[in-house]
Every structure is written in structure tokens, then in C-alpha cells.
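**Q** Just passing along the structure, written as C-alpha cells.
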Amino acid sequence: MTAGQSTLFDIIKLHPNLVCLRLDHNHLNDEDAIHLAGALRYNRTLETLWLRGNRFTRMGEDVLKKVMYDDSSLNAVADSNHVCIIEGMGFHLPGGSGYYYVRRTRKDYDPKQSRARKIFHLLSQRNKQGTNAHHLEAEMGGDTLKVVPLALAAIQFYEMPWIRGLRGADKPGAVGVKLSIMYELVRSWNVTILDIHNN
């Protein structure tokens, strides 16, 4: 437990050469998780963080998970930490219709692929509820027609990393997800265009 001392978290936040850090069995608690998450929002050099055997409750785990995958918006997902692997927490990050493990060997881990999986996962989850167009309108300030080509290209680009990240049993159900998302967006935006012309 850090007892409110911020020195450790300042080092994590600002150290330009910190690549691996072991904080196993350090009696870290949920308050420490909040400070640690704050540091991880800025640090983009730390590749592996070990946190086994600490005193995090579900709240602390959720705080750390959110800094790795914040699904409140596409921008929040994009700005999440995609570099660091947290070892020893036991949680999973979304990666498709199933989940992919946070724990991966450094050799197999690519931050760009991780970012792509997370973005596509959010799009696929919104697609299940038919809310992609609604969310994009809110996130883009209502001027979504300008981003139609970019959105469709992004869906195409992010699909393959997402599928690669799925475990075997989840892959068969992933085949139509891209098409479903694209159809949802095109249909929603076409309805908007027709409504404009009819008024």
C-alpha cells in the first residue's frame, strides 16, 4: 500500500525508459489502482506491469481495465493504453464476440493490433443494438455524412486484427460482423438523406 504517496505513480507516469515493472504482492488497494490508472493514461513506454497478489477489489480491477479499454466513445477507445500488458489481474479485455486475453507474450503482442481489436469490438457491440449511427452522430457533432467513407474504411481495416484476436470457438460467428456493421451504417445514413430530401 502506498499510503497516499504519489512518488511511485509519478515515476510510472513520467519515466521515459520504464519498460517493465513488478508490483506483485505489494498490498496495493483500490485507491492505489486509481493512481496507477492515472499514470497509465500518460505512460506509453511501459510494456509489462505485474500486479499479482495485491488487494484490489472489483472496483480497483474495473478502474485498471477502463484505462486499457474505455468504451465510452470511439475516441476514448482510441486513447486507451494499448501498449501495456497487465499480468496477474485475471481480467479480460473485449476483443470480439468473445474475449482475448490481456496476458499475451510480448513477442505476439502488437499495440496497433490491440487498438484495432478494441475499436472493432466497440463497433460490433453497438451493431448488436443498432446504435452505431446514433453514437457516431453524437461523437462527430451530428455531421456524420462527412465521415462515411472514413468509417467504412475503418471497419474494413479493423476487422482482420479483431478476427485474429478471437479464440477458435468465436471465429465462425465473426464472419458476417463487418458486413452487418456496414449495412447498419449505410442504412441509417441513407434514411437520414431521404428524410432531408422529403422535407
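**Q** Which ones in segment 3-47 are small (G, A, S) and out of contact with any helix residue (DSSP H, G or I) (no Cβ under 6 Å at 6 or more places or on another chain)?
**A** A3, G4, S6, G38
**Q** A follow-up question, please. Taking the options N17, N43, name whichever one is assigned to a loop (DSSP other than H, G, I, E, B), among the polar types (S, T, N, Q) and under 30 Å from H135 (Cα atoms).
**A** Going through N17, N43 in turn, just one is assigned to a loop (DSSP other than H, G, I, E, B), among the polar types (S, T, N, Q) and under 30 Å from H135 (Cα atoms): N43.
**Q** Looking only at helices (runs of 4 or more DSSP H) that lie completely in segment 54-171, which have at least 3 residues being loosely packed, with under 14 Cβ neighbours inside 10 Å and modelled with pLDDT under 80?
**A** 148-165
**Q** Same structure, new question: For the subset of segment 3-50 comprising residues that are in contact with a Lys or Arg (Cβ under 8 Å, 6 or more places away or on another chain) and among the aromatic types (F, W, Y), which member is surrounded by the fewest Cβ atoms within 10 Å (Cβ to Cβ)?
**A** Among residues in segment 3-50 that are in contact with a Lys or Arg (Cβ under 8 Å, 6 or more places away or on another chain) and among the aromatic types (F, W, Y), the one surrounded by the fewest Cβ atoms within 10 Å (Cβ to Cβ) is Y42.
The values are calculated or read from the model by the stated rules, or taken from the named source; none is laboratory data. Keep in mind it's a predicted model, so treat the numbers as computed, not measured. All Cβ positions, even for glycine, are placed from backbone atoms using ideal geometry, and neighbour counts span all protein chains on display.
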